[in-house]
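A.B. asks: Below is one structure. I have some questions about it.
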Amino acid sequence: MPKNIVEKVLQQHLKEGEYIKGKEIGIRMDQTLTQDATGTMAYLQFEALGMTEVKTDLSVSYVDHNTVQVGFENNDDHLYLKSVAEKFGVVYSRAGNGICHQVHLERFGKPGTTLVGSDSHTPTGGGVGQIAIGAGGLDVAVAMGGGNFYLTCPKVYKVNLTGKLKPWISAKDVILKMLSILSTKGNVGVIIEYGGEGIKTLSVPQRATITNMGAEMGVTTSIFPSDEITKQFLKAQDREGDYIELSADENAEYDKVIDINLSEVEPLAAAPHSPGNVVTIKEIEGMKVDQVCIGSCTNSSYRDMMIVASILKDKTVAENTSLGIAAGSRQVIQMLTKNGAMLDLVNSGARILESACGFCIGNSFSPKSGAVSARTSNRNFEGRSGTKDAQAYLVSPEIAALAAIHGKFISPENAGEKYPEISEPDTFLIDDRMFLNLDKAKKEVDIFRGPNIGNPPSNDKMPEALNGSVMIKVGDKITTDHIMPAGPRLKYRSNIKKYSEFVFENIDKDFWKKCLENKEQGGHNIIVAGDSYGQGSSREHAAMCPMYLGVKAVVVKNLERIHAANLVNFGILPLMFENAEDYDKIEAGDKLEAPTWKEDLKNGKNITLKNTTKGVDILVKYELSDRQKDMVLEGGLLNYTTGK
Ligand code: MIC
Ligand code: SF4
């Protein structure tokens, strides 16, 4: 049987279940990565699971999200992460070393291997031929300890690339084109495999831009073959030994084939407030741009920064526009500094930002009120920039740099500039000194725990009968940023009691209080939502904090993959309306009872929710494996594993 790349890699790593589309499978993860905003909880849970050493080939702990350090909390977290890394045999990437996905691609990503990371953009690794998947911290903790990672055996879509991108058009436009085709919803359980002659024209960093933003389509991951271009990249990173060739067999089968002729791709943007809101630059040409932000794990490679530096050379940032640039890694900064491109950036008036997530997650560089912000990042959810009424447009580095000089969106053909030719370097500058513990040896150290670091919260077993109150009813495309805001609240990631006060902060700031009151009176809290609930990040806090507040079920039209898994991990029932119109039969404040839910779940039957306020019955379904059902019944993965 001819196989596609996804089948080849997943079947080689299969540990549990049968490789049948739609069924749950457990795979071995060769590598894990964590970042500091999700990492503290991941390692705290690793400890709570009673694990004492890492059993993967490689586990890396990055510090890149919470580097603002207003107050002691972030730095305390970093020191906790450093000490657990030394204790358990994890490589530690110090603050300043760069953004996890960019750095991992440069130094560790290996074709044909598997990687799970506690960040939704882990699929960046697909650029180098890795099956790289984002997940909640608890799933990553289990994988670090050698446990299987569970996923739905995927459908595979092939994207057949032909032709060659025209000047001024780059990988970001390709992934925006993909978003215009597949949108941000309805792609759960899919892996995208890129192929076709056109891939030969895309460098590894360009491929990584494309796989990075696959996260925005809600797919499990995306992958490119590993070919001569991959080999060159690895060689230039002094890692030729990590190369293997990886390609699909002739006549391999796919569930869908999408054709994209690269020669026909135009400069695109994602307009506010969704990465799926794709427009052409022509449509927004002339719009005044107040702020430009270049960087993030999507577009911060050496290639991207060189393009920007070349466009900005001998130019000045427009008077009413503010430009911030954050290179993706220390390697990129070192190379730009050495070849003089950094001087071109500084000369132009760009504000050089730390090599970290920074502006992308809204914990710095927020724009003015009502601003138009052109960003090379991957998410433009409302308020994510830190400014509630800002209008964020996601664009390529080329378009961002032109907007910075002209103070408005401008089509390349009207900008009158020559397109810079940037080729991939023969050798990257290799300096691994900001990685600690590269030998992965376990060391005798005391774990540092600052006062902001609490234990992971515990949960009770699920109650026999559900005596629920609808605490909030929200609409479609509710992201994890809506559920659990980041930005200035990020510093409470290790303090669940405090962080829980911000659940749904921007929709109903009293949500947490109402939930705790009802919980204290023995009630069960329920969240009702529309389509595509839990889009976006992998942050398990969007499940962990609701669990802490006594949420026992979410009732939605449908759910996104990582959030659905996180809900189960924290003992929250993910229920879906059997008939989507029943969404209209529930309002906030309604009482929902489910006296026989446990039996129904065990017997695989739909559950009847009795809306006693409205006097109607509502049928809900669920997509849970037997393992997941047991987990929910026990009150989550920690209880399920430790037998508490
Ligand atoms: C994001 O881009 O939203 C984040 C911040 O990187 C998250 C992780 C987190 O919330 O810490 C993600 O994408 O998973
Ligand atoms: Fe960091 Fe933004 Fe990438 Fe998330 S999307 S990892 S916040 S750079």
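The values are calculated or read from the model by the stated rules, or taken from the named source; none is laboratory data. Only a predicted model underlies this, so the values are computations on that prediction, with no experimental measurement involved. Every residue, glycine among them, receives a Cβ derived from its backbone with ideal geometry; neighbour counts consider all protein chains shown. These accessible areas exclude ligands, DNA and RNA; they are computed on the full protein's heavy atoms, side chains included. Shrake-Rupley method; radii C 1.70, N 1.55, O 1.52, S 1.80 Å.
A.B. asks: Quick check: is even one residue across the range 355-372 in a strand (DSSP E or B), within 16 Å of N277 (Cβ to Cβ) and within 16 Å of ligand 1 (Cβ to nearest atom)?
C.D. replies: Within the range 355-372, not a single residue is in a strand (DSSP E or B), within 16 Å of N277 (Cβ to Cβ) and within 16 Å of ligand 1 (Cβ to nearest atom).
A.B. asks: Another question, if that's okay. Just one of the numbered conditions (1) in contact with a strand residue (DSSP E or B) (Cβ under 8 Å, 6 or more places away or on another chain); (2) over 17 Å from S300 (Cα atoms); (3) more than 16 Å from ligand 2 (Cβ to nearest atom); (4) of a type outside the set (D, E, K, R) is not true of S385; which one?
C.D. replies: S385 satisfies every listed condition except (3).
A.B. asks: A further question on this structure: With the checklist (1) out of contact with any His (no Cβ under 7 Å at 6 or more places or on another chain); (2) at pLDDT 95 or above in hand, flag the one item G186 doesn't pass.
C.D. replies: (2)
A.B. asks: May I pose another question? Among the residues of the range 548-568, which ones are open to solvent by less than 10 Å² (accessible area, probe 1.4 Å) and part of a helix (DSSP H, G or I)?
C.D. replies: Hits for the range 548-568 are H563, N566, L567, V568.
A.B. asks: Is it the case that K338 is more than 24 Å from the chain's Cα centre (by Cα), outside any helix (DSSP H, G or I) and either farther than 20 Å from V289 by Cα or more than 14 Å from ligand 2 (Cβ to nearest atom) (or both)?
C.D. replies: Taking the combined requirement at face value, the residue does not satisfy it.
A.B. asks: Ok, one more. Of all residues in the range 218-260, how many are outside any loop (DSSP other than H, G, I, E, B), in contact with a helix residue (DSSP H, G or I) (Cβ under 9 Å, 6 or more places away or on another chain) and loosely packed, with under 14 Cβ neighbours inside 10 Å?
C.D. replies: 3
A.B. asks: Something else: Which condition number does N455 fail, the rest of (1) open to solvent by less than 30 Å² (accessible area, probe 1.4 Å); (2) more than 16 Å from ligand 2 (Cβ to nearest atom); (3) of a type outside the set (A, V, I, L, M, F, W, C) being met?
C.D. replies: Of everything listed in (1) open to solvent by less than 30 Å² (accessible area, probe 1.4 Å); (2) more than 16 Å from ligand 2 (Cβ to nearest atom); (3) of a type outside the set (A, V, I, L, M, F, W, C), N455 misses just condition (1).
A.B. asks: Still on this structure, please answer the following. Which residue is surrounded by the fewest Cβ atoms within 10 Å (Cβ to Cβ), if the candidates are limited to the range 79-96 and must be within 23 Å of G109 (Cα to Cα) and not hydrophobic (A, V, I, L, M, F, W, C)?
C.D. replies: Looking at residues that are within 23 Å of G109 (Cα to Cα) and not hydrophobic (A, V, I, L, M, F, W, C), I get G96.
A.B. asks: May I pose another question? State which residue is farthest from V63 (Cα to Cα) when the search covers only the range 473-503 and only residues that are within 16 Å of ligand 2 (Cβ to nearest atom) and among the charged types (D, E, K, R).
C.D. replies: Filtering the range 473-503 for residues that are within 16 Å of ligand 2 (Cβ to nearest atom) and among the charged types (D, E, K, R), the one farthest from V63 (Cα to Cα) comes out as D481.
A.B. asks: Filter the range 384-421 down to the residues that are out of contact with any Phe, Trp or Tyr (no Cβ under 9 Å at 6 or more places or on another chain) and part of a loop (DSSP other than H, G, I, E, B) and list them by number.
C.D. replies: R384, T387, K388, D389, A390, G407, I410, G416, K418, P420, E421
Here is a yes/no grid of residues against (1) open to solvent by 40 Å² or more (accessible area, probe 1.4 Å); (2) among the small types (G, A, S); (3) within 15 Å of ligand 1 (Cβ to nearest atom):
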{"position": "A441", "(1), (2), (3)": "no, yes, no"}
{"position": "D476", "(1), (2), (3)": "yes, no, no"}
{"position": "P488", "(1), (2), (3)": "yes, no, yes"}
{"position": "Y499", "(1), (2), (3)": "no, no, yes"}
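A.B. asks: Just one of (1) open to solvent by 40 Å² or more (accessible area, probe 1.4 Å); (2) part of a loop (DSSP other than H, G, I, E, B); (3) not polar (S, T, N, Q) trips up D508, so point out which.
C.D. replies: Going through (1) open to solvent by 40 Å² or more (accessible area, probe 1.4 Å); (2) part of a loop (DSSP other than H, G, I, E, B); (3) not polar (S, T, N, Q) one by one, D508 breaks only (1).
A.B. asks: OK, next. Can you say whether A374 is surrounded by 24 or more Cβ atoms within 10 Å (Cβ to Cβ) and within 22 Å of the chain's Cα centre (by Cα), as far as the supplied structure shows?
C.D. replies: For A374, the condition - surrounded by 24 or more Cβ atoms within 10 Å (Cβ to Cβ) and within 22 Å of the chain's Cα centre (by Cα) - is met.
A.B. asks: Would you confirm whether any residue within the range 399-413 is out of contact with any Ser or Thr (no Cβ under 8 Å at 6 or more places or on another chain), of a type outside the set (S, T, Y) and surrounded by fewer than 17 Cβ atoms within 10 Å (Cβ to Cβ)?
C.D. replies: Yes, there is a match, as at least one residue in the range 399-413 is out of contact with any Ser or Thr (no Cβ under 8 Å at 6 or more places or on another chain), of a type outside the set (S, T, Y) and surrounded by fewer than 17 Cβ atoms within 10 Å (Cβ to Cβ).
A.B. asks: Could you tell me which residue of the range 583-615 is farthest from G134 (Cα to Cα), considering only residues that are in a helix (DSSP H, G or I) and open to solvent by less than 10 Å² (accessible area, probe 1.4 Å)?
C.D. replies: Ranking the candidates gives W597 first.
A.B. asks: If you don't mind, there's one more thing I want to ask. If you go through the range 291-335, how many residues are part of a helix (DSSP H, G or I) and open to solvent by less than 10 Å² (accessible area, probe 1.4 Å)?
C.D. replies: 8
A.B. asks: Checking T321 against (1) under 23 Å from T427 (Cα atoms); (2) among the hydroxyl-bearing types (S, T, Y); (3) touching a strand residue (DSSP E or B) at 6+ places or on another chain (Cβ under 7 Å), only one condition comes out false. Which one?
C.D. replies: (1) is the only condition that T321 fails.
A.B. asks: Evaluate the range 514-527: report whether one residue or more is assigned to a strand (DSSP E or B), under 26 Å from E623 (Cβ atoms) and open to solvent by 40 Å² or more (accessible area, probe 1.4 Å).
C.D. replies: No, every residue in the range 514-527 fails to be assigned to a strand (DSSP E or B), under 26 Å from E623 (Cβ atoms) and open to solvent by 40 Å² or more (accessible area, probe 1.4 Å).
A.B. asks: Taking the options T32, T52, T67, name whichever one is hydroxyl-bearing (S, T, Y), surrounded by 23 or more Cβ atoms within 10 Å (Cβ to Cβ) and either within 19 Å of the chain's Cα centre (by Cα) or at pLDDT below 95 (or both).
C.D. replies: T32
A.B. asks: Return the residues of the range 117-134 that are away from ligand 1 (no atom under 12 Å from the Cβ) and in a loop (DSSP other than H, G, I, E, B); say none if nothing qualifies.
C.D. replies: G129, Q130
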